[in-house]
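Report on the structure given below.
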Amino acid sequence: MVKTTTSAIEIDDFGVIHNTFKTRSAFKTVYILEQANTIRQILNGKKAPIMVDVLKVDKIKISLYSKLFHNNNLENASAIAVLVNSVLQKKILNFWYRGKKQSCPLMVFTCKIEANSWLQAHV
């Protein structure tokens, strides 16, 4: 496990990167860049599926999620699953992401098991 200022990043047995946010500050641009650079270093130029787990963070505005998914932050992602607490947020974000051009598949989940299954299909 590698700890950044606002998150913990680890690789599971299937090769999925888990980026677990510890605080809402993890959505600030400087910390997003820190997380992306850490993942880049861990993967050493390779691609892997990434789970962004924000279950420990309360009161996240939908607009904050857009900061996470700029192409330069996604260059090492083969697929991204975002794990959220709210079914409403899940529905809104999935609808919003369908309308955006993404460099890799992206899906929002409320269930960690479903998110892991979906990501393992992209290993």
| task | Could you pull out the residue among L33, L74 that is within 13 Å of the chain's Cα centre (by Cα) and either over 19 Å from P105 (Cβ atoms) or among the charged types (D, E, K, R) (or both)? | result | L33
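When you scan segment 2-30, how many residues do you find that are of a type outside the set (S, T, N, Q) and more than 19 Å from A81 (Cα to Cα)? Full working, then the answer.
Within segment 2-30, the first condition is being of a type outside the set (S, T, N, Q), and the residues that meet it are 2-3, 8-18, 21-22, 24, 26-28, 30.
Filter once more, so that each one left must be more than 19 Å from A81 (Cα to Cα): 2-3, 28, 30.
Total satisfying the criteria: 4.
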| Residues of segment 74-96 classified as touching a residue at least 24 places away in the same chain (Cβ under 8 Å) and farther than 22 Å from F14 by Cβ, total | 6
| request: Starting from residues that are surrounded by fewer than 19 Cβ atoms within 10 Å (Cβ to Cβ) and touching a helix residue (DSSP H, G or I) at 6+ places or on another chain (Cβ under 8 Å), keep the ones in segment 101-123 and report whichever is farthest from I11 (Cα to Cα). | output: Q102
| task | Kindly indicate whether any position in segment 51-63 is in contact (Cβ under 8 Å) with a residue 60 or more places away in the chain and touching a Leu at 6+ places or on another chain (Cβ under 9 Å). | result | yes
| remark: If we ask which residues in segment 1-41 are over 20 Å from L119 (Cβ atoms), among the hydrophobic types (A, V, I, L, M, F, W, C) and open to solvent by 40 Å² or more (accessible area, probe 1.4 Å), their number turns out to be 2
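The values are calculated or read from the model by the stated rules, or taken from the named source; none is laboratory data. These numbers come from a predicted model, not from an experiment. Ideal geometry is used to build each Cβ from the backbone, glycine not excepted, and the neighbour counts take in all protein chains shown. Accessible surface is based on the protein model in full, side chains and every heavy atom, while ligands, DNA and RNA are left aside. Shrake-Rupley method; radii C 1.70, N 1.55, O 1.52, S 1.80 Å.
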